[in-house]
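Rule-based calculations on the coordinates, nothing more; no lab input. Just so you know, these numbers come straight off a predicted model, no measurement behind them. All Cβ positions, glycine included, derive from the backbone under ideal geometry; neighbour counts span all protein chains shown.
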Amino acid sequence: MTFSDLSLSRRLERAEARACVEFAEAHRRLYPASGAGWIEYAGAYAAFNGVDSPITQSFGLGIFEELTPATLDGMERFFLDRAAPVFHEVSPLAGVAALDLLCARSYRPIEISNVLYRPVEHPAAEPQSHIRVRVVGPEDAQLWTNISVRGWAHEHPELLDTLLQLGAIISARPQSPCFLAEIDGQPGAAGVLSMHDKVALFGGASTIPELRRRGLQAALLRERMLYAFDHGCDLAMMVAVPGSNSQRNAERKGFRIAYTRTKWKLCS
């Protein structure tokens, strides 16, 4: 049995950090002038993918090494030297002293999320249906991006341009396969899987509005679980807004909450 402890938090946070690092590296390959990059500092990873990018943040503060003012100095320089805001995703396993230090340094909490996990298992066989899920190759990268963006932009049309760029970068990461779900031959949902140290991070899943509630997300989850199993992963993770439909769907599929994480912003 896997317990929700410091060891688990280290695995989960590092898996998400590595996904962001891959993103930064792909961003730099596609757009050399972007300045995208990353550092490792005191066991934590910080990625820069643009001033307004949701990927520009750190993971793992205080869970690999004790959080100190010197650590925060180094992390803050990385972001501020690039004229970027300073954001840290912080596990509660970092402890009270780490949170107290963030408060003393003029950080404030701006977001909370639930980190969920479950064992990776071979999914039960399902009868043939009209839904097909496949891993896309470079020739379908634009199609995958378009479907992903249509799913996300329905609720956030103001982010269309940002989402288009993010989608192109996501599909360019060599270690993070992208999955496309089709119903009766029509592409309708997209998802991505990132793997590190036998942890499979299920992320980036969206469905176009007209094909929602047709089983596409369940099919995406099953095929990604099978892929993770076939590639030696033993732990799956997802991140969801507390109480959201995404969290409920994950719990229906056997995920349980490992801990509630807080995102902190430097406000001084």
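Return the FRET efficiency for the residue pair Glu40, Ile257: r is the Cβ-Cβ distance, R0 is 35 Å, and the value is rounded to the nearest 0.05.
With a Förster radius of 35 Å, E is 0.80.
Using only helices, what value at 222 nm comes out for the chain when you add -39,500 (n - 2.57) per DSSP H run of length 4 or more and divide by the total residues, to the nearest 500 deg cm²/dmol?
-11000 deg cm²/dmol
As an exercise, use a Förster radius of 25 Å and the Cβ-Cβ distance of Met1 and Ala124 to find the FRET efficiency, rounded to the nearest 0.05.
Working: r = 21 Å, r/R0 = 0.85.
Efficiency, rounded to the nearest 0.05: 0.70.
As an exercise, use a Förster radius of 22 Å and the Cβ-Cβ distance of Asp161 and Leu30 to find the FRET efficiency, rounded to the nearest 0.05.
It comes out at approximately 0.90.
If I take every Cα pair under 8 Å that is 6 or more residues apart in the chain, average their sequence separation and divide by the length, what percent do I get for the relative contact order?
Worked out over the chain, it gives 25 percent.
Please order Leu143, Leu235, Leu61 by the number of other Cβ within 10 Å, starting at the fewest.
Details: Leu143 14, Leu235 19, Leu61 27.
Starting with the residue having the fewest Cβ neighbours, the order is Leu143, Leu235, Leu61.
Below 8 Å, C-alpha to C-alpha, sequence gap of six or more: please give me the relative contact order for the range 131-233 in percent.
Relative contact order here is 30 percent.
Report the normalised scattering of the chain as log10 I(q)/I(0) at q = 0.10, 0.12, 0.14 Å⁻¹, calculated by the Debye formula with identical scatterers on the alpha carbons.
-0.51, -0.73, -1.00
Per residue, how big is the convex hull around the C-alpha atoms of the range 157-231? Give it to me in cubic angstrom, could you? List each step's numbers first, then the result.
Details: hull volume 7.8 nm³, N = 75.
Dividing the Cα hull volume of the range 157-231 by its residues yields 104 Å³.
Could you check the simple spin-label distance between Glu210 and Glu139, using points 7 Å along Cα→Cβ, in nm with one decimal?
2.6
Round to a whole angstrom and tell me the spacing of the C-alpha centers of the range 47-118 and the range 207-268.
A separation of 22 Å, based on Cα centres.
Given contacts defined as C-alpha pairs under 8 Å and at least six residues apart, what's the relative contact order of the range 80-187, whole-number percent?
That works out to 29 percent.
What Kirkwood hydrodynamic radius, in Å, does the range 17-144 give when the mean of 1/r is taken over all pairs of distinct Cα atoms and then inverted? Write down the numbers at each step before the final one.
Working: mean 1/r = 0.0582 Å⁻¹.
For the range 17-144, inverting the mean 1/r across all distinct Cα pairs yields 17.2 Å.
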